[in-house]
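The values are calculated or read from the model by the stated rules, or taken from the named source; none is laboratory data. Since we're looking at a predicted model, the values are computed, not measured. Positions of Cβ are backbone-derived with ideal geometry, glycine not excepted, and every protein chain shown enters the neighbour counts. These area figures cover heavy atoms from the full protein model, side chains too; ligands, DNA and RNA do not enter into them. Shrake-Rupley method; radii C 1.70, N 1.55, O 1.52, S 1.80 Å.
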Amino acid sequence: MLNKPVLVESLIVFIIILSVHTVVWDRYSWCAVALAIQAFYVQFKWDRLLQLGGAVFQFRTAANSGLLPASMVIPLLGIAMKERCKSAGIVYFERFGIVVASTGMLVALFLSVIAVGITKPVPTNTCILTGIAGSIIIYTMKHSLTVSEVIEVLEVLLIFVYLSMILLYLLPRCFTPGEALLVLGGISFVLNQLIKRSLNVIEGRGDPIDFFLLVAVVGVILLGLFFTVLFIFMDSGTWISSMFFHMMTAVLGLGVIMPWLYRLIQRNPLFWLLQFLFQTQTRVYLLVYWTFLAASACGVVFYQNAKRSSESKKHQASTITRKYFHFIVVATYVPGLIYDRQLLHVAAVLCLAVFIFLEYIRYFRIKPFGQTLRRLLSLFLDERDSGPLILTHIYLLLGMSLPVWLFPRSCAPKGTLSGAGALVPYSGVLAVGVGDTIASVFGSTMGEIKWPGTKKTVEGTMTAIFAQIIAVALILIFDTSVNLNSSYAWILASVSLVSLLEAYTTQIDNLLLPLYLQIMFM
């Protein structure tokens, strides 16, 4: 029997795909539509595998596979980037967008082939659809990509295969297949870009803040893999192991990551970072303000834990309590977007590295803070944190930061896009910081009419749309660089579609919603 919420979620994704391609229809549109149709059928095979326990790895069980919405994110981002850079006349990034789209399609197709291959009996109709979609995609790639670009796409696919086998084995129940596609696909692409740029360093070419993002992401992932292998052979909870952890972190950081970054930016990374952070008085004010907000977030954690100790050991933070952090993140990102986006870009990278490092300390029970972090953060667990890692706060940071990191600065004259594209950096703030927060708060307190087949309410979705429209109006007032050029109908449609997607998706909405809103705005 078909799952009605999954059907509605798929319908919303198809509407988004067709909305994007009605604006720009070319050969890649045929590929995107073919990929979406086959992903729609294959996701039911994945759902069946998850229900029967027939998947190769252990995935998150409280959600459906999410293959269709996840499969379309990277291809649509690449297509949108290609069109923006084509209109700006930047050929290099136009080709880069084509590579991104091709890579996303091939990785998604690979995940579909895996599902079809392990399904018994073999689903003949789905196999035929997957074969047709694969033929269209490969034919288009053959006539669109150069030899070097084909090699780059295959490199990312190879990294994705090996990374999936390693991380899905080490981290059971942390992802759905769709979330694994998004997260591991993104990491694979970042790793390939870092290797490519490290082998072809040209002095003075490339923005240091982009290199900083690549090295930081790859560095913390490699650090985690190293300690995971190491602690197979020793107990991570002892003082000796903890001292070794801190010592090896310093050695790898100063002996590998720093020299790697030095090779890319051609200057001392620490001196560059300090000079960058304190370059202007505005940056100093922002850093002081963000430090105050970080202290406030820590205060909320300590207060809620003290409240749990005085009431009940089984006490869990409510939905409204968890949304405090969404309000704090909005208060963090909006001033950065208005006054200094480059500083926000770098600060978000640093914050991501710190979050992941603290999660390593919690997961491995590294002394002296490992057990304390476990106790403090256990209060904020929900059904999505069913694996060994706590990822919801990292997904929140990623959802707010990805629109900033993925903003095509080189293809944006004067640092901003025209029309709805001017709101691209605000996609995370609107979708997660405002929309998701308001929907949860109003839906849980005043909502009565539920969307069919879900726990989400109509009142929550409507207030989320209304709140995002008000937020857009406030952005127009306070950010003079934003000029929408009468694209209000498209903005309303984009916000409405993404809000409906939030009501029906069982995937990590903090990660999925900002990316779809960014695609619509671009």
(request) May I ask you to list pairs of residues, at least six apart or on different chains, whose Cβ atoms are under 6 Å apart, with the first in the range 42-62 being more than 12 Å from Phe175 (Cβ to Cβ) and among the polar types (S, T, N, Q) and the second being part of a helix (DSSP H, G or I) and open to solvent by less than 60 Å² (accessible area, probe 1.4 Å)? (result) Gln43/Leu67; Gln43/Leu68
(message) Among (1) closer than 27 Å to Leu406 by Cα; (2) touching a helix residue (DSSP H, G or I) at 6+ places or on another chain (Cβ under 6 Å); (3) modelled with pLDDT of 90 or more; (4) not basic (Lys, Arg), there is one condition Gln275 misses while meeting the rest; what is its number?
(response) (2)
(request) Could you tell me which of the residues Gly443, Gly453, Gly399 is small (Gly, Ala, Ser), surrounded by 22 or more Cβ atoms within 10 Å (Cβ to Cβ) and either touching a residue at least 40 places away in the same chain (Cβ under 8 Å) or touching a Leu at 6+ places or on another chain (Cβ under 6 Å) (or both)? (result) Gly399
(message) Give all pairs with beta carbons closer than 9 Å in which a residue from the range 118-132 that is touching a residue at least 40 places away in the same chain (Cβ under 8 Å) meets a residue that is open to solvent by 90 Å² or more (accessible area, probe 1.4 Å) and part of a loop (DSSP other than H, G, I, E, B); count only pairs at least 6 apart in sequence or on separate chains.
(response) Ile118/Val56
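Table: residues versus (1) farther than 22 Å from Leu513 by Cα; (2) touching a residue at least 60 places away in the same chain (Cβ under 8 Å); (3) charged (D, E, K, R).
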| position | (1), (2), (3) |
| --- | --- |
| Leu376 | yes, yes, no |
| Phe380 | no, yes, no |
| Ile390 | no, no, no |
| Pro403 | no, yes, no |
(message) Out of Val99, Val113, I need the residue that is open to solvent by 60 Å² or more (accessible area, probe 1.4 Å) and either over 19 Å from Gln507 (Cα atoms) or under 19 Å from the mean Cα position of the chain (by Cα) (or both). Which one?
(response) Val113
(message) Within the range 312-384, considering only helices (runs of 4 or more DSSP H) that don't extend past its boundaries, which have at least 3 residues that are more than 29 Å from Ser481 (Cα to Cα) and at pLDDT 80 or above?
(response) 341-364, 370-377
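Out of Ser135, Ser102, Ser71, Ser112, which single residue is in a helix (DSSP H, G or I), free of Cβ contacts under 8 Å to residues at least 12 places away in the same chain and hydroxyl-bearing (Ser, Thr, Tyr)?
Only one candidate qualifies: Ser135.
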(message) Which numbered condition in (1) open to solvent by 60 Å² or more (accessible area, probe 1.4 Å); (2) touching a residue at least 24 places away in the same chain (Cβ under 8 Å); (3) over 30 Å from Arg384 (Cβ atoms); (4) not aliphatic (A, V, I, L, M) is the only one that Glu152 fails?
(response) (1)
(message) Among the listed residues Gly54, Gly97, identify the single one that is closer than 28 Å to Ile15 by Cβ and in contact with a helix residue (DSSP H, G or I) (Cβ under 7 Å, 6 or more places away or on another chain).
(response) Gly97
